[in-house]
Each structure stands twice: as C-alpha cells, then as structure tokens.
Amino acid sequence: MKILETERTILREVTRDDAEFVLDLLNQPSFIKFIGDRNVRTIAEARDYIESRFTKSYKQFGFGMYAVELKETSAPIGICGFVKRDSLPDADIGFAFLPQYERKGYAFESSDAVMKYGRDILGLGRVLAITSKDNESSGRLLEKINFKFERLIKMPPNDEELKLFSSDK
C-alpha cells in the first residue's frame with residue numbers, strides 16, 4: 001500500500017514480495033556495521049523478518065518502516081519510516097539504503113517526507129532517532145531534518161552505547 005510520494009520516490013508498505021530486496025539490504029556491510037546483523041540469510045528468513053517486523057508494526061501501531069522505491073523504475077532502494085521500541089518512550093525514525101543510492105539525497109528526501117507524514121497524518125509529537133556513535137552521516141542527516149542530539153544511551157539487548165536524537169513538533 002502506497003503511503004506517500006516525494007519528487008523522486010514512492011514510499012509504501014514492505015510486503016513478502018520484497019524478500020529479495022530486504023535480504024540484500026540487511027546483509028549490506030554498512031547495515032550490519034551501523035544498524036546490526038539481523039541474522040537473515042535466506043529468502044524464507046527475509047519473509048519471516050518482514051512478517052515479524054514490518055507487517056506486525058503496521059498492524060500494531062499503524063506505522064512502520066516503508067520501502068522507498070524509485071518512481072521511474074519501481075525498484076526498491078531503501079527503507080525509511082518509524083519504529084516503536086519498548087526501550088524508548090516515543091517512536092523513532094529510521095532509514096537505510098542500498099550503497100549505490102547513498103549520498104544522492106534519497107535518505108533526506110524520504111526522511112523529510114516521513115517526518116511531515118508522521119506529524120500531519122499520524123499526529124506524532126516528539127520523535128526520536130538513534131544512531132551508532134560512529135555513524136556521522138546519519139547524525140548529519142538527522143540534524144538537517146531538525147533533530148537535536150540529546151545524549152548517549154545504552155539500549156538492550158547488548159547495551160551498546162548509542163546517540164539519541166529528538167525532534168519536537
């Protein structure tokens with residue numbers, strides 16, 4: 001289901017048909033380094049991951065991470081959206097793109113649109129974001145969409161120290 005549109009992309013719900021793309025994205029070295037190894041190694045595991053993460057979030061919260069696809073080709077190039085974690089008081093924005101689509105403005109374009117959608121349609125007030133301490137490019141992007149660094153936090157399950165950002169309405 002289409003959620004929103006930007007100048008160059010369409011953001012839509014991730015479906016089981018996206019398993020090949022999700023498998024590729026989750027196993028990119030940059031995803032593993034900055035977000036974490038999800039231990040998804042097969043198409044079947046990718047389908048299960050989609051059901052347990054993406055689909056579950058849409059049903060439970062009315063939002064989630066969305067596939068970002070190019071308008072011209074309908075090819076999925078990344079994900080962007082909101083996550084609600086038990087360990088954080090508010091929803092947080094997240095994004096990840098295939099390496100060949102990084103540094104081309106897609107992450108900014110989609111995350112800026114997702115924030116407007118979150119505020120205007122979902123009625124989100126305060127939105128959080130977390131990044132690994134060494135993920136400077138994501139930190140810069142968050143600042144471009146009006147997030148401010150708050151503090152370092154430790155989050156389960158492995159208590160890794162992460163940067164916490166927030167954006168108020």
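Only one of the numbered conditions (1) without any contact (Cβ under 8 Å) to a residue 40 or more places away in the chain; (2) under 21 Å from GLU5 (Cα atoms) is not met by GLU109, and that is (1). Sub-6 Å Cβ pairs linking a first residue in the stretch 45-59 that is aliphatic (A, V, I, L, M) to a second residue that is surrounded by fewer than 16 Cβ atoms within 10 Å (Cβ to Cβ) and in a helix (DSSP H, G or I), at least 6 apart or interchain, are ILE50/ARG16, ordered by first then second residue. Once the stretch 4-25 is narrowed to residues that are more than 14 Å from the chain's Cα centre (by Cα) and more than 20 Å from GLU102 (Cα to Cα), the residue that is surrounded by the most Cβ atoms within 10 Å (Cβ to Cβ) is ALA19.
One residue alone among LEU128, LEU124, LEU141 is closer than 19 Å to VAL83 by Cβ, at pLDDT 95 or above, outside any strand (DSSP E or B) and touching an Asp or Glu at 6+ places or on another chain (Cβ under 8 Å), and that residue is LEU124. Residues in the stretch 26-46 that are out of contact with any Asp or Glu (no Cβ under 9 Å at 6 or more places or on another chain), farther than 20 Å from PRO157 by Cα, crowded, with 16+ Cβ neighbours inside 10 Å and of a type outside the set (Asp, Glu): GLN28 alone.
Consider the stretch 99-118 and keep the residues that are touching a Ser or Thr at 6+ places or on another chain (Cβ under 9 Å) and surrounded by fewer than 19 Cβ atoms within 10 Å (Cβ to Cβ). The one that is nearest to ARG8 (Cα to Cα) is GLU109. When GLY62, GLY94, GLY78 are screened for being surrounded by 13 or more Cβ atoms within 10 Å (Cβ to Cβ), out of contact with any Asp or Glu (no Cβ under 9 Å at 6 or more places or on another chain) and closer than 18 Å to LEU4 by Cα, only GLY94 passes.
The values are calculated or read from the model by the stated rules, or taken from the named source; none is laboratory data. Source: prediction; values computed, not measured. Cβ: placed from backbone, ideal geometry, glycine included. Neighbour counts: every protein chain shown.
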